[in-house]
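Structure first, commentary second.
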Amino acid sequence: MRKKFVNVKSIACLQTIGGGSLSDAAPDARRYLARHNLPTDGLAVEATFDMGSKPARVAGIDLRLIVPEGVPAERLDALLAVASHCTVHNTVDSTPEVSITLADASAGTLPDLPAG
């Protein structure tokens, strides 16, 4: 199943990792452009992701940076490098350890989550 989400503002019920990649790469790219006094209006990120099964997971994520007009060609490789090394991308590439534990509800360490 391939899903597509356009621009950071349109993320609603995106899978956590796919949405994390999108929401992490866009601000990094925007900061890079602003730091170098380059145009940021029109910067957008499109994301598509594939769901895998057995086990259920996000099997692939593709991000596409829409570069604002006026960004010089000689800055594109650096912009791509910044977006490609966002925190979420680095985390997924490094196969983090994941620990899941159970806790007694009376411990009161976590707030109740809404149903649904």
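Here are some notes:
- Number of residues in the range 30-58 that are within 26 Å of Asp77 (Cα to Cα) and exposed (fewer than 12 other Cβ atoms within 10 Å of the Cβ) equals 4.
- In the range 80-116, the residue that is modelled with the highest pLDDT out of those that are more than 19 Å from the chain's Cα centre (by Cα), assigned to a helix (DSSP H, G or I) and among the hydrophobic types (A, V, I, L, M, F, W, C) is Ala105.
- Filtered by the rule that a residue be outside any strand (DSSP E or B) and not hydrophobic (A, V, I, L, M, F, W, C), the range 46-60 gives Ser53, Lys54, Pro55.
- Qualifying position, being of a type in the set (Gly, Ala, Ser) and either in contact with a Cys (Cβ under 7 Å, 6 or more places away or on another chain) or touching a residue at least 60 places away in the same chain (Cβ under 8 Å) (or both), among Ala44, Ala25: Ala25
- The number of residues in the range 61-79 being surrounded by fewer than 16 Cβ atoms within 10 Å (Cβ to Cβ), assigned to a helix (DSSP H, G or I) and either touching a helix residue (DSSP H, G or I) at 6+ places or on another chain (Cβ under 9 Å) or among the acidic types (Asp, Glu) (or both) comes to 4.
- Ala29 touching a Leu at 6+ places or on another chain (Cβ under 7 Å) and at pLDDT 70 or above: yes
The values are calculated or read from the model by the stated rules, or taken from the named source; none is laboratory data. Since the structure is predicted, the reported quantities are computational estimates derived from the model, not experimental observations. No Cβ is skipped: glycine too gets one built from the backbone with ideal geometry, and neighbour counts run over all protein chains shown.
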